[in-house]
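Single-structure report; data block below.
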Amino acid sequence: MRVALAEDSVLLREGLVRLLREAGCEVVAAVGDGDQLVQVVRELQPDVAILDVRMPPSFTDEGLRAALVVRAENPGSAVLVLSQYVEESYADDLLATGGGVGYLLKDRVADLAELTDALQRVAAGGTVLDPTVVAQLFASRRAIGVHRLSPREREVLALMAEGRTNTAIARTLVVTAKAVEKHVSSIFDKLALPPSTDDHRRVLAVLAWLRDPSPDHPSVTGA
């Protein structure tokens, strides 16, 4: 897997490069800001672009804005955003670009297995959200139709938001894979997401869920 990395902290950047190489990735570039990463992606076309959220010059949301540019210019490139904080300003826009995106808190990347799993999932077109990110975003969003979901369907959708497959969801909830498939199908029906070759229904379902401020969201656990 060819990876390009943007992180302004030299020490953390070098640490991430070592972790990525240990995970079997080829690090094609490691730069210090979002503008440089956008240029690198244009030139080298990596499989995954990894970006910090807060980078020079303002240290606010440069990474997320650069991620949106990468997705707009190179839809085939997966993007994994790393942050010490949960930034809501551009999270919806990033998720709305479709599959192949992820948002992890930096504490998670110390776990090589977790980082490798996240990279593999976004590179394969999946969506990976840190459980803490999911929980915080849940508290401030609203969607039409989510209130129709059963408590079990909400649990399934919360795990979908973390990027879990049906098999992983079944294992977490201690149910059969067939039961999860039925719940997922019901979720799509209740959120009015018919089959389509143009849309990624799992991503659209997660976006609907993230916009719902209901106080009865299930706690999201998982690694």
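The values are calculated or read from the model by the stated rules, or taken from the named source; none is laboratory data. This is a predicted model, so every value here is computed, not measured. Every residue, glycine among them, receives a Cβ derived from its backbone with ideal geometry; neighbour counts consider all protein chains shown. Accessible surface areas use protein heavy atoms only, side chains included; no ligands, DNA or RNA. Shrake-Rupley method; radii C 1.70, N 1.55, O 1.52, S 1.80 Å.
With every protein chain kept in place and ligands, DNA and RNA left out, what is the accessible area per residue of region 51-129? Probe 1.4 Å, answer in Å².
Spelled out: the 1.4 Å probe surface of region 51-129, per residue, equals 38 Å².
Ignoring ligands, DNA and RNA, how do K182, K106 rank by accessible area with a 1.4 Å probe, largest first?
So, going from the largest accessible area down, we get K182, K106.
Please find the FRET efficiency linking V28 to D93, where r is the Cβ-Cβ separation and R0 is fixed at 35 Å, and quote it to the nearest 0.05.
0.85
Over region 1-122, what is the relative contact order in percent, taking alpha-carbon pairs closer than 8 angstrom and at least six residues apart?
22 percent
Run through region 10-95 and list the chymotrypsin sites (Phe, Trp or Tyr not before Pro) located in a DSSP loop whose Cβ has at most 13 other Cβ atoms within 10 Å.
F59, Y85
For V128, what residues show an amide H to amide H distance below 5 Å, using hydrogens built from the backbone and excluding near sequence neighbours?
Correct list: V101, G102, Y103.
Suppose R0 equals 45 Å. What FRET efficiency, 1/(1 + (r/R0)^6) with r the Cβ-Cβ distance, do T172 and S58 give to the nearest 0.05?
0.70
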